[in-house]
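Before any comments, here is the structure.
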Amino acid sequence: MVNTKVTLSGISLDNPIIPASGTFGYGWEFAELYDINCLGTFSFKGTTAESRFGNPTPRIAECPAGMINSVGLQNPGVDNVISEQLPKLKACFNKPVMANVGGFSVEEYAQTCAKLDKEPQVGWLEVNVSCPNVHGGGISFGTDPKMAAEVTRSVKAVTEKPVYVKLSPNVTDIVAMAKACEEAGADGISLINTLFGMRIDLKTKRPVIANKMGGFSGPAILPVALRMVYQVYEAVNIPVIGMGGVSSAEDVIEMMLAGATAVQVGAANLVNPFACKEIIEQLPSVMERYGISSLSEIIGGAHHG
Amino acid sequence: MKQTFLTIVSQQRIADNVMEMCLEGDTSGITASGQFVNIKVEGLFLRRPISVCDYTENSLTLVYKIVGEGTRLMAEYPAGTVLDVLTGLGNGYDTSLSGDAPLLIGGGVGVPPMYNLCKTLVAEGKHPTVVLGFNSKGDVFYEKEFEALGATVTVTTADGSYGVKGFVTDALPTTYSHFYCCGPEPMLKAVYRATSTSGQFSFEERMGCGFGACMGCSCKTITGYKRICKEGPVLQKEEILW
């Protein structure tokens, strides 16, 4: 028997698999497809203070081994999440959930997090300072260490729950970003968000995405994510949640060897709605194949020796 | 929604760049005319959404136009190929609103979903009139198939090379109880203006997942934000913001 349990800021997860924000709604939508209690947890759709429609369509483009999205944080707003979404989730998910929060000002992040802090089912706050699809929004917080630290401090001031800051890969020095968040009190780091990208339609000779550019995700970005998780793990003393292109149990193990305590799965859910369930089912046999008896023991394993 | 593996029984070209693919397997996920399926195409990342043309308990017919890399690859699949398909996506048409003499309007690649709808309405004892619009004679397909269902069929071509010269709006009957429409957006808008009864429009949008998870295909309606893949692709005329 292999052990897939990991611990994330004092909360035990049955396994490290976490569907990433924006690919799993508020969870209850996927409960129609399978029992989502098999998940470690999941990160719910990025939530802002007010409801948002998001960006104009087309919002999606095909890419080699991946996709671009430019959804623009469409969500029903934090009050609706608390009054409508979380009660629906409670009926089908009996584990703590990761609450993903977006924002456009330091005050907004704090205000939204303060409301979610009172929700018993919220286990962790994941503060997204890195959405590439909102102008004047998250991204400036995600590319300036001082701003990321300020958001972190303001959120930490209003919550007792562990705060994970989700970082953008669209920076020169990811380690400086992670360290700034750690110094500001972050309990952990989530990385990476999508890479800024674009496609152009040869027929119309215009960008495919209405907003011209968007966030590139999928298997193509796995090596970038692994490199950044590896670098950040080495530089900080707080847990790292690794994500970016993960689509198999092998990818999960690779991400954990790079330094991830838990692993998020994003774009893969959009192609295969059962992706996370299948990864969880495959994990024990893949662990056995590579002689791994306990997943928590391999975290950062690639750094040794 | 149901994930299923369907085997291609046959595939043939039925008009310029238009393919008819017949598959067999479990289609129990499909619950209404006007729904779509989302197909995994080897070598591409995102699935390709294709409207259901016709289905039975164990067969599925898809008619699609070769417009990009996904459909070009699909067209090359030989019989026997097994496809990973998400079935029963979207809301589909509501036939309870049709009345006795519904009007079905399909334009180009918007024609296929009208076929199973027509079949269903006929089976319900209704008397559908069908107007099919194409650009040119070489694009025309399924005229005889609709006639075989017992519907009255008019075909229009924009260049006049076949049937009535003009657009579908040049061939609409004067009386009908309700309408159903699928086609390119300029056609939908023209039909919206040219019709006076209640009706249903089927929309197309670039999709990420096709089952409501990614919010890639959202649109605004009078009744709030809707996902084309989940609360659509069929919207009631009264809720469209035009």
Verdict on A:Ala275 being within 14 Å of another protein chain (Cβ to nearest Cβ) and buried (at least 21 other Cβ atoms within 10 Å of the Cβ): yes
Have a look at B:Thr95, B:Thr81 and point out the one that is under 25 Å from B:Lys144 (Cα atoms) and surrounded by fewer than 24 Cβ atoms within 10 Å (Cβ to Cβ). B:Thr95
Those residues of region B:169-201 that are buried (at least 16 other Cβ atoms within 10 Å of the Cβ) and assigned to a loop (DSSP other than H, G, I, E, B) come to a total of 7
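Answer yes or no as to whether A:Ile11 is aliphatic (A, V, I, L, M), buried (at least 21 other Cβ atoms within 10 Å of the Cβ), more than 8 Å from chain B (Cβ to nearest Cβ) and over 24 Å from A:Gln111 (Cα atoms).
Spelling it out, it is not the case that A:Ile11 is aliphatic (A, V, I, L, M), buried (at least 21 other Cβ atoms within 10 Å of the Cβ), more than 8 Å from chain B (Cβ to nearest Cβ) and over 24 Å from A:Gln111 (Cα atoms).
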Tally time: how many residues in region B:84-108 are away from chain A (no Cβ under 14 Å), out of contact with any Cys (no Cβ under 7 Å at 6 or more places or on another chain) and farther than 23 Å from B:Asp16 by Cβ? 13
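Just give me the residues in region B:98-123 being free of Cβ contacts under 8 Å to residues at least 40 places away in the same chain and either crowded, with 21+ Cβ neighbours inside 10 Å or of a type in the set (Lys, Arg) (or both), in sequence order. Talk me through it step by step, then tell me what you get.
Filtering region B:98-123 down to residues free of Cβ contacts under 8 Å to residues at least 40 places away in the same chain leaves B:118, B:121-123.
Of everything in region B:98-123, those that are free of Cβ contacts under 8 Å to residues at least 40 places away in the same chain and either crowded, with 21+ Cβ neighbours inside 10 Å or of a type in the set (Lys, Arg) (or both) turn out to be B:Cys118, B:Leu121.
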Residues that are hydrophobic (A, V, I, L, M, F, W, C), within 12 Å of chain B (Cβ to nearest Cβ) and either crowded, with 22+ Cβ neighbours inside 10 Å or more than 21 Å from the chain's Cα centre (by Cα) (or both), drawn from region A:54-99: A:Ile60, A:Ala61, A:Met67, A:Ile68, A:Val71, A:Leu73
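So in region B:202-222, with the set limited to residues that are surrounded by fewer than 24 Cβ atoms within 10 Å (Cβ to Cβ) and touching a residue at least 12 places away in the same chain (Cβ under 8 Å), which one is farthest from the chain's Cα centre (by Cα)?
If we filter region B:202-222 for residues that are surrounded by fewer than 24 Cβ atoms within 10 Å (Cβ to Cβ), which is where we start, we get B:203-206, B:212-213, B:219-222.
After this cut, where a residue has to be touching a residue at least 12 places away in the same chain (Cβ under 8 Å) as well, the list is B:203-205, B:212, B:219-222.
Numbers: B:Phe203: 9, B:Glu204: 10, B:Glu205: 13, B:Gly212: 19, B:Cys219: 19, B:Lys220: 21, B:Thr221: 21, B:Ile222: 23 Å.
Applying the filter and picking the extreme gives B:Ile222.
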Restricting to region A:29-51, count the residues that are within 12 Å of chain B (Cβ to nearest Cβ), at pLDDT 95 or above and more than 14 Å from A:Asn269 (Cα to Cα). 2
Here is a list: A:Gln231, A:Gln282. Which entry is more than 17 Å from the chain's Cα centre (by Cα), within 30 Å of A:Val171 (Cβ to Cβ) and part of a helix (DSSP H, G or I)? A:Gln231
Can you pull out every residue in region B:56-87 that is of a type in the set (Gly, Ala, Ser), over 22 Å from B:Val122 (Cβ atoms) and at pLDDT 95 or above? B:Gly70, B:Ala75, B:Ala79, B:Gly80
Got a number for residues in region A:234-258 being in contact (Cβ under 8 Å) with a residue 40 or more places away in the chain and either within 14 Å of chain B (Cβ to nearest Cβ) or surrounded by 24 or more Cβ atoms within 10 Å (Cβ to Cβ) (or both)? 9
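Got a number for residues in region B:202-223 being in a loop (DSSP other than H, G, I, E, B) and more than 8 Å from every other protein chain (Cβ to nearest Cβ)?
5
The values are calculated or read from the model by the stated rules, or taken from the named source; none is laboratory data. Predicted, not measured: the structure shown is a model, and the values here were computed from it. Counting neighbours? That spans all protein chains shown, and the Cβs are built from the backbone with ideal geometry, glycine included.
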